[in-house]
Amino acid sequence: MIHKLLALACHKTTLSLFLLLLLSPRLQSQTVVQVVSKIIEKTFAYQDGYEVNVEGEKAEIFVETSTSREVKVRMELVAKHPSLATAEADLETIQFVTERLKNKIYLRNYRYDAGRPAQSVMSVKYFITLPETCPVYVKNYFGSANISNLSNRLRIFGEYSQIDIDNVKGLIDIRTRFGDVVGEKIDGNVTINARRSDITLLDIAGSYTINAQYGTLKLAPNAGLEDMNVNADKSEVHFYGDRLPNLAYTLRTTHGRLRTPPNLRAVVLENTPEIQRVQVRPNREYGAGANVTISVSFGDLYLEDATARRREGF
Amino acid sequence: MEQEKNRSTLKQALDRLPQYEPGKQLWRNIEAKIEQPAAGDDNLPLAHLPAYTPPPDVWNNISRNLEADKKEKRRPLLSYLSSRWMQAAAALVLLIAAGIWLMREPGPRIQMAYAQEEMSQFGQLIDWNEEEASFERIEKELAAANRPELNLLKEELTELTAAKQEVVEMMQSYGQDPKLINQLGDIERERSEVYRQIIDQM
C-alpha cells in the first residue's frame, strides 16, 4: 500500500515538474534554428618579411603560432535562423578575402549588402596559425581578438572588440575604443591607447606607454619591468608593485585620490584639494629600479600591495 | 522638281502611239547563228594572232617554286628550334611557366555545414529607444545652456549616443546577437549615469 502511495506521489511530482518546465517562460522562448556554416581554409607558404593583416567585422579572431613555415587560415562564417533558406541567403551576404598581395597576407570579412538588415544571427571566426616571428596587424570592429605566443610585431586596432594577448614579445601597439584589453606575460616595447576600455596587464616586462580615458587599469608587472608611463583621464588606476621594491615611482592625481601602502616611504611633493603628487625612491639595496610614472586626472590612483593583489585574484 | 501639268493628256497621247515588234523569224535566225558558227569565222582577226609556247625552263621553275612553297608550309614547329638561341628561349619560357604554375597559391577550400540548435529569445523585439525622447530633450537643453561645466558631460553623452547607434547598426547588419545586446546594455548604463550627472548639475 505504502509502495503504491509512494509511486503515485512520485508520478504526480514528475508530472508537476514536467508541466512546470513546459510552462516556464525560459523554455517557451527557446527556438529551434537552422545553423548554416561556411568553412574556408587556406594555407600560405611563409617567407621572412611577410605580414598577416586581418580586418574582421564582428569576428572572433584567434591567432596562435606553430613551428611550421606556413600561415594557415580557417574562417567560419555562420548564420542562424529558423528558416534554412533565410539563413543561407543571409550567409551569402558575408563576403571574405583570403589572399596574398606581395608580402602581405590579407584576411577580411564584411557584409556585402550592409544596407539590408540581416534576419539571421550571424558570426565570424578566424583561426590563424603562423610562425611566431610573423608580424601581425589585426583590425576588428566588434567581436574579439585572442592572440598568443608572438615574438616580433603586433598591432591591434579594435573598436567594440575585446582584446586578449598572452605571452607576446616584441613591438606591441594597441589602440582600442569600447573594447577591454587583457594581457598576460607580455614583454617588449608596448604602446596602448585606450578609450572607454578597461586594461588588465599581469606579469608584464619591458617598456610601457599607456594613454587611457574612461577605463579601469590594473597593472601588475614582474621584475623585467624597464619603464612605465601612464596617463589616464577619468580613469581608475591600480598598480600592484608589492613584489618590486626597487621601482622609482612618480605618482600624481588631479581631482582624485592617491593611495600608497603604509610601508612604502612616499615623499609628498604636492597635496592640495585638487592635486596630489608623491615620489617614492627605490630601495638602495636593490639598485636603480625602473621608473614608474603614473598621472591620473578625474580618477583615483592606487599603488597596492600583496593583500590587494590577492584580493583581485592576481 | 517641276511637275507635269497635263499628265492625263500626255498619257493619252503616249497610249495612242503605234507599236512595232520584230518579225517572228528574226529571233530564230539569231539563235541558229549562235549555235552554228559560220564557216568564215577563221577569218576573224583573233584567229590570226601568233601563238607562243614558253620554254620548258619556265614551267620547271614554276614547279620547283611550288614544291618549295609546299615544303615550307609543311615545316614542323620543332624545326624552328634548330637554332641554339631558339632552344634556350623556349626552355626559359617553359621554366617560367612551370615556375608560375608551381608558385601559384591555390584558392581557398570552401565547405558548407548544416546543423540545428536551440536558441533562446531569437528575434525578440527589444525597444531600445523608449527613453530616447528624454535624452534628446536633455541634449537640446545642454546646447541651449552652453555652460562650460556641462559641456564636457554633453560631449560624453554625444559620444555614447553615437556608440549606441553603432551597436544598433551592427545588430541590423549581423543580427541580434546576445553579445551585442550586452554591449548595448553597457553603453546604455553609461549613458544613464551621464544623464544623472547632468540632471544633478543642472
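All of (1) in contact with a Lys or Arg (Cβ under 7 Å, 6 or more places away or on another chain); (2) away from chain A (no Cβ under 14 Å) hold for B:M119 with one exception: (2). Listed here are the strands (runs of 3 or more DSSP E) enclosed by region A:201-314 that have at least 1 residues being acidic (D, E): A:216-233, A:236-240, A:266-271, A:301-304.
Among the candidates A:V237, A:V268, which residue alone is of a type in the set (V, I, T) and over 17 Å from A:T209 (Cα atoms)?
On the way: A:V237 fails: over 17 Å from A:T209 (Cα atoms).
Residue meeting the stated conditions: A:V268.
In the set (1) more than 23 Å from A:T133 (Cβ to Cβ); (2) of a type outside the set (V, I, T); (3) crowded, with 20+ Cβ neighbours inside 10 Å, A:D187 fails one condition alone, (1).
Among the residues of region B:146-202, none is identified as in contact with a Leu (Cβ under 7 Å, 6 or more places away or on another chain), more than 30 Å from A:Y112 (Cβ to Cβ) and free of Cβ contacts under 8 Å to residues at least 12 places away in the same chain.
Residues in region A:198-213 that are surrounded by fewer than 22 Cβ atoms within 10 Å (Cβ to Cβ) and either more than 13 Å from the chain's Cα centre (by Cα) or aliphatic (A, V, I, L, M) (or both): A:L202, A:D203, A:I204, A:A205, A:G206, A:S207, A:T209, A:N211, A:Q213. Exactly one residue out of B:L157, B:L102 is assigned to a helix (DSSP H, G or I) and either surrounded by 11 or more Cβ atoms within 10 Å (Cβ to Cβ) or among the basic types (K, R) (or both), and it is B:L157. Could we say that A:S151 is hydroxyl-bearing (S, T, Y) and at the interface with chain B (Cβ under 10 Å from one of its Cβ atoms) here? It is false that A:S151 is hydroxyl-bearing (S, T, Y) and at the interface with chain B (Cβ under 10 Å from one of its Cβ atoms). Within region A:79-101, the set of residues being under 12 Å from A:F44 (Cα atoms) and more than 9 Å from chain B (Cβ to nearest Cβ) comprises just one member, A:L101. Checked across region A:254-264, the condition of being in contact with a Pro (Cβ under 7 Å, 6 or more places away or on another chain), surrounded by fewer than 17 Cβ atoms within 10 Å (Cβ to Cβ) and modelled with pLDDT under 85 holds for no residue.
List, please: which pairs have Cβ atoms under 7 Å, are six or more places apart or on different chains, and start with a residue in region A:175-186 that is more than 12 Å from A:D198 (Cβ to Cβ) and end with one that is assigned to a loop (DSSP other than H, G, I, E, B)? Listed by first residue and then by second, the contacts come to A:R177/A:R196; A:R177/A:S197. Listed conditions (1) surrounded by fewer than 18 Cβ atoms within 10 Å (Cβ to Cβ); (2) touching a His at 6+ places or on another chain (Cβ under 9 Å) are all met by A:V121, apart from (1).
Looking only at region A:126-152, residues that are under 17 Å from the mean Cα position of the chain (by Cα) and among the charged types (D, E, K, R) come to 1 in all.
Applying the criterion of being within 50 Å of the chain's Cα centre (by Cα) and touching a residue at least 24 places away in the same chain (Cβ under 8 Å) to the residues of region B:123-142, the residue that is nearest to B:I198 (Cα to Cα) is B:W128. Quick check on A:E55: is it of a type in the set (D, E) and not in a strand (DSSP E or B)? Criteria not met by A:E55.
Scanning region B:106-149 for residues that are in contact with a strand residue (DSSP E or B) (Cβ under 6 Å, 6 or more places away or on another chain) and assigned to a loop (DSSP other than H, G, I, E, B) gives B:P108, B:F122.
Within the option set A:E76, A:E41, A:E64, A:E60, being at pLDDT 95 or above, within 31 Å of the chain's Cα centre (by Cα) and away from every other protein chain (no Cβ under 14 Å) holds for one residue only, A:E64. All but one of (1) under 47 Å from the mean Cα position of the chain (by Cα); (2) under 30 Å from A:E76 (Cβ atoms) hold for B:T161; state the number of the condition that does not hold. The single condition B:T161 does not satisfy is (2).
Of the residues making up region A:28-38, just one is surrounded by 19 or more Cβ atoms within 10 Å (Cβ to Cβ) and either more than 7 Å from chain B (Cβ to nearest Cβ) or closer than 22 Å to B:P106 by Cβ (or both), namely A:K38. Within region A:119-134, the residues that satisfy the criterion of being at the interface with another protein chain (Cβ under 9 Å from one of its Cβ atoms) and either in contact (Cβ under 8 Å) with a residue 40 or more places away in the chain or of a type in the set (F, W, Y) (or both) are A:S120, A:V121, A:M122, A:S123, A:V124.
Hey, among the residues in region A:102-118 that are within 9 Å of chain B (Cβ to nearest Cβ) and hydrophobic (A, V, I, L, M, F, W, C), which one's surrounded by the most Cβ atoms within 10 Å (Cβ to Cβ)? Result: A:A118.
The values are calculated or read from the model by the stated rules, or taken from the named source; none is laboratory data. This structure is a prediction, so every number in the text was calculated from the model and none was measured. No Cβ is skipped: glycine too gets one built from the backbone with ideal geometry, and neighbour counts run over all protein chains shown.
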